[in-house]
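To start, the structure under review is shown below, and the notes come after it.
The values are calculated or read from the model by the stated rules, or taken from the named source; none is laboratory data. Keep in mind that this is a model prediction, so the values were computed, not measured. Note that each Cβ is placed from the backbone with ideal geometry, even for glycine, and that neighbours are counted across all protein chains shown. The area values use the complete protein model at the heavy-atom level, side chains included, leaving out ligands, DNA and RNA. Shrake-Rupley method; radii C 1.70, N 1.55, O 1.52, S 1.80 Å.
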Amino acid sequence: QIHPMEHGGGLAQPGGSLSLTCTMETIRGIADMTWYRRTLGSGRELVAQVSKDGRTTYADSVKGRFTVTRDNAGNTMWLQMDNLKPEDTGVYYCNAEWSGVLYWGQGTQVTVSS
């Protein structure tokens, strides 16, 4: 089955930083790529999105702290997370849209705790 893969999850201190990577190297013509997360408090929510032409969207809760970037040629998306908060804890999923179909990664755990 075709699916993206996430890397970079782990444990960070409050106020610390973490970087996530999503790869989907076998797919051409990917449209939007999106980071979602599922937390105990919020369920699944959109975190950050970057379109094929580089347009970005962020959840209000992460604006100014997270930065999403993308390399379309390599089918790679990054999420730089700074000034992490405990409420950022959850499983982060990469989603890629290809030919109108959404493809999901398996998720990577991010834990923010002292």
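If Lys and Arg each add +1 and Asp and Glu each add -1, what is the summed charge of the other residues whose beta carbon sits under 12 Å from the beta carbon of A31?
Once positives and negatives cancel, what remains is +1.
For the stretch 1-56, give the magnitude of the charge dipole about the Cα centre (Cβ charges: +1 Lys/Arg, -1 Asp/Glu; no others), in debye to the nearest 20.
100
List the residues, sorted by chain then number, that are 5 or more residues from G107 or on another chain and whose placed amide H is less than 5 Å from its amide H.
Here E6, C94 satisfy the definition.
What's the center-to-center distance, using Cα atoms, between the stretch 1-45 and the stretch 69-114 in Å?
The two parts, judged by their Cα centres, are 2 Å apart.
Applying the Karplus parametrisation 6.51 cos²θ - 1.76 cosθ + 1.60 with θ = phi - 60° to the phi angles of the stretch 50-56, what ³J(HN,Hα) value in whole Hz is obtained for each residue in order, glycine and proline being reported as x?
My calculation for the stretch 50-56 gives 9, 7, 4, 8, x, 5, 10 Hz in order.
Taking the Cα centre as origin and putting +1 on Lys and Arg beta-carbons and -1 on Asp and Glu beta-carbons, what dipole magnitude results for the chain, to the nearest 20 debye?
It comes to approximately 80 debye.
Calculate, for the stretch 18-84, the solvent-accessible area per residue in square angstrom, rolling a 1.4 angstrom probe over the heavy atoms of the protein chains.
50
In the chain, what percent of the accessible surface is made up of carbon and sulfur (1.4 Å probe, ligands and nucleic acids excluded)? Could you put the intermediate results ahead of the total?
Working: 2930 of 5880 Å².
Accessible surface attributable to carbon and sulfur in the chain totals 50 percent.
Could you work out the relative contact order of the chain? I mean the mean sequence separation of Cα pairs under 8 Å and 6+ apart, divided by the number of residues, in percent.
Normalised by residue count, the contact order of the chain is 38 percent.
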